[in-house]
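Heads up: the structure comes next, in structure tokens.
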Amino acid sequence: EDLVLQMMDDLYDGMREEIEEAVQILLDRGWAPYDVLTKALVAGMTIVGHDFRDGILFVPEVLLAANAMKGGMAILKPLLAETGAPRMGKMVIGTVKGDIHDIGKNLVSMMMEGAGFEVVDLGINNPVENYIEAAQREEADIIGMSALLTTTMPYMKIVIDTMKEQGIRDDFIILVGGAPLNEEFGQAIGADAYCRDAAVAVETAKDFML
Ligand code: B1M
């Protein structure tokens with residue numbers, strides 16, 4: 001669709017209001033919220049990511065794009081959460097220490113809520129204590145960790161190792177995700193599973209709750 005191409009341009013240019021309007025138009029045209037999310041917003045952010053990597057876009061521009069994406073996500077959030085699914089379990093999720101990327105984590109939270117999980121979002125830049133305190137306080141079933149940088153993903157191992165030292169590792173299911181991770185990394189650090197994207201996170205979490 002032309003509108004989707006236009007949205008990719010608008011996201012690239014950080015045009016939040018235009019993105020919000022276009023999200024609403026696609027919904028009015030009968031698009032499923034999940035399709036608007038993946039085929040327009042996430043697809044657009046992938047282009048931003050490539051040009052950021054290649055030095056064509058810089059941090060201020062990418063922040064504007066992220067802000068526009070969040071505007072679109074805010075419209076979709078209640079729709080994705082509105083499935084009336086039965087309560088599945090509780091997850092504490094956060095981006096690890098040193099890392100401030102939160103769009104992917106927010107998306108995972110939204111989709112988990114949509115699938116019937118209760119989600120406690122710890123935000124960004126979380127030291128190990130945050131995860132442990134929140135998981136115990138909330139009596140969570142699952143701890144989710146997100147990292148977008150190769151320099152911050154090793155921190156996930158610190159969290160898991162600390163939990164092992166405290167003898168509480170097996171009290172929680174630990175799911176990890178983020179663009180630089182992979183299956184092998186998830187296994188190597190002792191996570192229960194690596195989740196490639198938000199949809200996989202939901203499926204994986206469900207499997208563990210059965
Ligand atoms: Co950053 N950044 N960034 N950035 N940024 C990346 C990650 C990068 C790959 C860009 C690039 O070079 N191509 C690169 C990392 C390189 C590397 O480490 N190998 C990078 C860099 C270098 C940096 C800085 C160091 C730049 C600088 O300052 N010189 C800096 C670091 C700041 C810090 O964290 N300390 C930085 C800053 C920023 C902004 C602030 C400008 C902004 C973040 C805004 C925000 O999040 N509020 C930003 C952005 C937007 C990006 C890119 C362009 C997009 C990330 C994103 O939101 N993707 C990114 C390039 C890219 O990834 N293509 C990039 C969309 C999102 C839906 O996908 O987050 O992968 P993603 O989440 C997916 C899955 O990974 C998975 O599900 C999600 C949904 O499907 N998932 C999980 C994620 N977390 C999960 C947790 C789970 C399960 C699944 O738990 C159960």
Matching helices (runs of 4 or more DSSP H) fully within the stretch 14-102 where at least 2 residues are of a type in the set (V, I, T) and in contact with a Gly (Cβ under 8 Å, 6 or more places away or on another chain):
16-28
Quick check, is V119 outside any loop (DSSP other than H, G, I, E, B), in contact (Cβ under 8 Å) with a residue 24 or more places away in the chain, more than 8 Å from the ligand (Cβ to nearest atom) and in contact with a Ser or Thr (Cβ under 8 Å, 6 or more places away or on another chain)?
yes
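For every residue, the table says whether it meets (1) surrounded by 16 or more Cβ atoms within 10 Å (Cβ to Cβ); (2) within 8 Å of the ligand (Cβ to nearest atom); (3) hydrophobic (A, V, I, L, M, F, W, C).
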| residue | (1), (2), (3) |
| --- | --- |
| V23 | yes, no, yes |
| V36 | yes, no, yes |
| G44 | yes, no, no |
| P78 | no, no, no |
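Would you point out which residue out of A81, A135, A68 is in contact with a strand residue (DSSP E or B) (Cβ under 7 Å, 6 or more places away or on another chain), in contact (Cβ under 8 Å) with a residue 12 or more places away in the chain and not basic (K, R)?
On the way: A81 fails: in contact with a strand residue (DSSP E or B) (Cβ under 7 Å, 6 or more places away or on another chain); A68 fails: in contact with a strand residue (DSSP E or B) (Cβ under 7 Å, 6 or more places away or on another chain).
After ruling out the rest, the residue left standing is A135.
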Please indicate, with yes or no, whether at least one residue in the stretch 47-65 is in contact with a helix residue (DSSP H, G or I) (Cβ under 7 Å, 6 or more places away or on another chain), within 25 Å of M111 (Cα to Cα), more than 9 Å from the ligand (Cβ to nearest atom) and not β-branched (V, I, T).
no
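Any residue that is touching a Gly at 6+ places or on another chain (Cβ under 6 Å), within 14 Å of the ligand (Cβ to nearest atom), in a strand (DSSP E or B) and of a type outside the set (S, T, N, Q) - is there at least one of those in the stretch 140-152?
no
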Of the conditions (1) surrounded by fewer than 16 Cβ atoms within 10 Å (Cβ to Cβ); (2) in a helix (DSSP H, G or I); (3) free of Cβ contacts under 8 Å to residues at least 40 places away in the same chain, S109 satisfies every one except a single condition; which number is it?
(1)
Quick one: count up the residues across the stretch 167-210 that are within 8 Å of the ligand (Cβ to nearest atom) and assigned to a loop (DSSP other than H, G, I, E, B).
6
Output yes when any residue across the stretch 130-147 is of a type in the set (A, V, I, L, M) and either open to solvent by 20 Å² or more (accessible area, probe 1.4 Å) or in contact with a Cys (Cβ under 7 Å, 6 or more places away or on another chain) (or both), and no when none is.
no
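The values are calculated or read from the model by the stated rules, or taken from the named source; none is laboratory data. This structure is a prediction, so every number in the text was calculated from the model and none was measured. Using ideal geometry, Cβ is built from the backbone for each residue, glycine included, and neighbour counts are taken over all protein chains shown. With ligands, DNA and RNA removed, areas are computed over all heavy atoms of the protein, side chains included. Shrake-Rupley method; radii C 1.70, N 1.55, O 1.52, S 1.80 Å.
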